[in-house]
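Down below is the structure, laid out as structure tokens.
The values are calculated or read from the model by the stated rules, or taken from the named source; none is laboratory data. Given the structure is predicted, the values throughout are model-derived calculations rather than measurements. Cβ coordinates were reconstructed from backbone atoms using ideal geometry, including for glycine residues, and neighbour counts include every protein chain displayed. Side chains are part of the model used for accessible areas, which takes the heavy atoms of the whole protein and leaves out ligands, DNA and RNA. Shrake-Rupley method; radii C 1.70, N 1.55, O 1.52, S 1.80 Å.
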Amino acid sequence: REHLLMMCMVAKRQEEEILSLRAELDTMTGNTDGTLLWKIDNYSSLFAKAKKETTELCSKPFFTSKYGYKLGLTAFLNGNGSGEGTHFSLYIKILPGEYDTLLQWPFTHPVEFTLLDQTDDAKKRRHIKESFTADASWKNFHRPSKQNITLGYGYPTLISHEELNLRNYIRDDTIFIKVKVDTSKIVGI
Amino acid sequence: REHLLMMCMVAKRQEEEILSLRAELDTMTGNTDGTLLWKIDNYSSLFAKAKKETTELCSKPFFTSKYGYKLGLTAFLNGNGSGEGTHFSLYIKILPGEYDTLLQWPFTHPVEFTLLDQTDDAKKRRHIKESFTADASWKNFHRPSKQNITLGYGYPTLISHEELNLRNYIRDDTIFIKVKVDTSKIVGI
Amino acid sequence: REHLLMMCMVAKRQEEEILSLRAELDTMTGNTDGTLLWKIDNYSSLFAKAKKETTELCSKPFFTSKYGYKLGLTAFLNGNGSGEGTHFSLYIKILPGEYDTLLQWPFTHPVEFTLLDQTDDAKKRRHIKESFTADASWKNFHRPSKQNITLGYGYPTLISHEELNLRNYIRDDTIFIKVKVDTSKIVGI
């Protein structure tokens, strides 16, 4: 009886350590150059799920430099807002980061989204691109806090479901999205 | 009895999570510049084992860029093929990677192997170097699949056991192998 | 009884694997450019603890290149040596690394410490900077071994406790220390 109790405590402590390792690993994407290539596997089953219930998919975080802004992408496969039920929606979000005190706010750097066309012949690929530069007045790009999760900013109607099924935007049940932040004007720490 | 069963299930779930963390960590070598420095520790015991039974040592994977080709080295301390029993054999292998759909195939980039001479005085080191450029016709460099593991390509007779024991190729029971892929002609995603 | 024993063995093996994952993760800081930004959270409680008993805080290790020197910072919030009880003391230490055999010894590269002023307006920040170049005769920068842990080198009186509480060196109970090694003369492997 006592031994069993002890075992339970060991398992619980191990569980906590595993969770903390997982969280750290997810942060350590190595993506500290302001770009991220987001691979969404199992598109069809995720899309089916999104049609039943609105689901926000979240990418791993990425950073504009080693100690830069922490950012993430979110996608709604069945759309949200003006794209609900008809489009693929894509947003970028400022996440609260470890070095926010040292950074300049608001975030006002150019962002470019690309939905990749996975055609074999690189010359025949026709990627979908959208880009914007955050304006200092937009709330989405002010310094985030853990209490106030900032809303994402992006494209509720990035691409319609019909278009998405043309060409090779979906291949092997997989979508690739690239995001690139222009870091040329970000002052390093 | 029931509690014990529950504990078993907890342990099993934890085991799976640990394995997945390990796999991710092994992938996150940070080696995304097309080079790898492979440190083989405990040479003498590994060599003794290889003499009893052919063993293929595998390096951690490395990448030609953040989203580039996934590659690995394999070594046979007691040789294989034409070097069996007399030489140290070294090969490079294309591994199935997450971004293979987006890359150009076959892989045809120059590869250079270096077996490091660990002499203290850097000027007196005489490294062993070999290099080749993959030809488009070689099967080893076509797109790999999880079903079809590609064979490695390299040098069955990189260095004889006698030569290997000269100079400081082995030091503190350790060998260092460097591999460098010329990434200058690889088109980024 | 037997099952319980088996469970204990499983838990023990898992524990070991978790510890090894943790150690690897701590090493994989991604800091392989000779710089580190060290964030010390919970300053006030750590300072209170240091006043009761001398405590050496250690940063995560960082590296001068992917296969370069392994370095770490240590800090004494309540000072040590000539700064004991009055100053914040900061040191750098050479740690035994995986590639030490291949590097040139002693380490003689310029090192710069910065204690960051976290004032919002980047123009009004007045960081505290100190720098030195290791001399070949200093024992602290000779090749370390696991038996002989090298002593750190640095500033026992980097900043007094009074000064530290001025401006924004401490903000949100957090201190930021930056260290930069001039890697321009380090010969790569």
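A count restricted to segment B:155-168 and to residues that are under 18 Å from the mean Cα position of the chain (by Cα) and buried (at least 17 other Cβ atoms within 10 Å of the Cβ) stands at 4. Taking segment B:169-182 as the range and being open to solvent by less than 50 Å² (accessible area, probe 1.4 Å) and in a loop (DSSP other than H, G, I, E, B) as the test, the residues that pass are B:169, B:170. Candidates in segment B:27-47 are the residues that are open to solvent by less than 50 Å² (accessible area, probe 1.4 Å) and assigned to a helix (DSSP H, G or I); of these, the one that is nearest to the other protein chains (Cβ to nearest Cβ) is B:43. Against the test of being of a type outside the set (A, V, I, L, M) and part of a loop (DSSP other than H, G, I, E, B), the options B:67, B:91 yield a single qualifying residue, B:67. Pairs please, first residue from segment A:165-189 and under 17 Å from residue B:98 (Cβ atoms) and within 13 Å of chain B (Cβ to nearest Cβ), second anywhere and open to solvent by less than 60 Å² (accessible area, probe 1.4 Å) and among the basic types (Lys, Arg), Cβ atoms under 6 Å, 6+ apart in sequence or on different chains. Once the first residue is under 17 Å from residue B:98 (Cβ atoms) and within 13 Å of chain B (Cβ to nearest Cβ) and sits in segment A:165-189, its partners that are open to solvent by less than 60 Å² (accessible area, probe 1.4 Å) and among the basic types (Lys, Arg) give A:176/A:39. The lone criterion from (1) more than 9 Å from chain A (Cβ to nearest Cβ); (2) at pLDDT 80 or above left unmet by residue C:24 is number (2).
Only residues that are part of a strand (DSSP E or B) and exposed (fewer than 12 other Cβ atoms within 10 Å of the Cβ) were counted across segment B:132-154, and they come to 1. Scanning segment C:104-130 for residues that are in contact with an Asp or Glu (Cβ under 9 Å, 6 or more places away or on another chain), open to solvent by less than 50 Å² (accessible area, probe 1.4 Å) and either within 14 Å of chain B (Cβ to nearest Cβ) or assigned to a loop (DSSP other than H, G, I, E, B) (or both) yields a total of 4. Every test in (1) within 13 Å of another protein chain (Cβ to nearest Cβ); (2) modelled with pLDDT under 90 is passed by residue A:136 save one, and that test is (1). Within segment C:70-103, being of a type in the set (Phe, Trp, Tyr) and within 14 Å of chain B (Cβ to nearest Cβ) holds for one residue alone: C:99. Scanning segment A:49-82 for residues that are among the β-branched types (Val, Ile, Thr) and under 19 Å from residue A:131 (Cα atoms) turns up A:64, A:74.
Among the criteria (1) open to solvent by 20 Å² or more (accessible area, probe 1.4 Å); (2) in contact (Cβ under 8 Å) with a residue 40 or more places away in the chain; (3) not hydrophobic (A, V, I, L, M, F, W, C), the one residue B:100 does not fulfil is (1).
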